[in-house]
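One structure below.
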Amino acid sequence: MKVYKNPFVSWECYFVRTGKAFSHKNEASKSNGYVVECFNGKWEVRTGCYYDFSLRDEMQIVAENRISIQSVIDEAILNAVLQTVKG
């Protein structure tokens, strides 16, 4: 999993790629993922999309490990379901 820092905004904003996004024939390739940002003092998570050339050329990798983002998502969903069932 690679965590990219968004240099285009003045607040803390990170992006984690989860896969390819649909691109039209004449459009540059892009990636889907999650955007994690601290806006007005509150951390928020949303889905987002960035062009691959921005990830490669303009956004700095601030963290990287060998953990698959999908395994992290699967574990979070599993924990949420089990917490709900137990509650």
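No value in this document is a laboratory result; all are computed from the given coordinates. Just so it is clear, the model here is predicted, and its values are computed rather than measured. With ideal geometry, Cβ positions are generated from the backbone for all residues, glycine too; neighbour counts draw on all protein chains shown.
Per-residue ellipticity at 222 nm computed for the chain from its helices equals -8500 deg cm²/dmol, with DSSP H segments shorter than 4 residues left out and the rest contributing -39,500 (n - 2.57).
By the beta-carbon count within 10 Å of each Cβ, the least crowded to most crowded order of Val3, Val85, fewest first, is Val85, Val3.
Axis of helix 69-86 versus longest Cα principal axis of the chain: the two differ by about 30°, to the nearest ten degrees.
Using Rg/Rh (Cα atoms, Kirkwood Rh) as the read-out, say which of (i) 1.04; (ii) 0.92; (iii) 0.96 was calculated from these coordinates. Only one option fits the structure, namely (i). Counting beta carbons within 10 Å around each of Lys5, Lys25 and listing the fewest first gives the order Lys25, Lys5.
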